[in-house]
Structure formats: structure tokens, C-alpha cells
Amino acid sequence: MLKPATLYDQDLYAWAQAQAARLREGAWQQLDLAHLIEEIEDVGHSQRDALGSHLLILLTHLLKLVHAAGALPHEYKRAGPGWRRTCRTQRRHVAKVLRRNPSMRPLLPNELGEAYEIARLEAAELLENDKAVGTPICPWTAAQVLDDDFWPEEATPSGPRGEQRHDEP
């Protein structure tokens, strides 16, 4: 059998199975602690990345809805229903990530703000707009963004424009 570090580099699945078996057996001295620590930290990072990814897709579609409703009515009529479906799906994914990882809820305002910055550019590119769409700072609260009944093209943002509004739901 390969050494743990070598096995880690050559077959991550086999390495993980071997580490799990050693943990179950209580074979603490045989554990590949350096890689175990790295992998445990990566699990947390991947959950945070998943949250950010779902928020990015959600915010991009919300911004497309807002922009198209005002500036591209034909595009809004054509693509709006699909964009809404995408928003609903992403809201479910965000809720699932937060349900499985409740300690991530405090990270939501920061993740929302970071995702919004990128979403403005993505929405502009997808709508073939030369400038970023939306306000420089997210005009919606996290509660609004995650609310199944919130559609920003039908409502005005809560709070004055430019005021940072991405608090926890």
C-alpha cells in the first residue's frame, strides 16, 4: 500500500476511505493529519463558495429582470419567465446551504455584497450593455433577495439609493 501522503496525491477517494477507516478504528497515529486538516478546511471553503455562487446567479438574474423591465421590454417579456425560474431555483439552493450550515448565516451580508459587485458586471454583459447595471451597492436586503415573493422590477428598493442594504434575513 502507498504511504498516506502519496495516496493522497494519487487517489483522493482511496485516501479519504483509508483515513475514515483509521478514524473508526481509533488508529490516531496512522492518520495523515496535515492533509486531514487541509481537507476539513476545504469543506468549509467549498460551502462558502457554494453560497457565493448561488447568490451570484440569483443577483445576476434579479438585475437582468430590473434592467430589462425598464430598458428592454421585449427582452423582459421573452426571457423574464426563465429568469424568474432561475431566481426561484437559486433561492432554494441558498436556503439549502444555509439550512445545512446555519453558522454561515452571519456571512450572508458580506457574501451578498461581494456577489452583487460581480453580478452587476455579469448582468451587463449578458444584456449586451456597455456599463454595469444596477446601483454600485446592493439596494436590497438579504431578506428581500431570498424572499420568494420579492421581484425588484415590481418594487422600489427599500432604503435610499447608495445606502448599503444587505443585512441578514
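Quick notes on this structure:
- Considering segment 1-106, the qualifying helices (runs of 4 or more DSSP H), each wholly inside and each with 3 or more residues that are surrounded by 13 or more Cβ atoms within 10 Å (Cβ to Cβ) and hydroxyl-bearing (Ser, Thr, Tyr), run over 73-100.
- Among the candidates 21, 5, 50, residue that is of a type in the set (A, V, I, L, M, F, W, C) and either at pLDDT below 95 or in contact with an Asp or Glu (Cβ under 8 Å, 6 or more places away or on another chain) (or both): 5
- Matching option when the condition is closer than 27 Å to residue 152 by Cα and either among the aliphatic types (A, V, I, L, M) or not assigned by TED's automatic domain parsing to the domain that holds residue 132 (or both), among 20, 27, 69: 69
The values are calculated or read from the model by the stated rules, or taken from the named source; none is laboratory data. Given the structure is predicted, the values throughout are model-derived calculations rather than measurements. All Cβ positions, glycine included, derive from the backbone under ideal geometry; neighbour counts span all protein chains shown.
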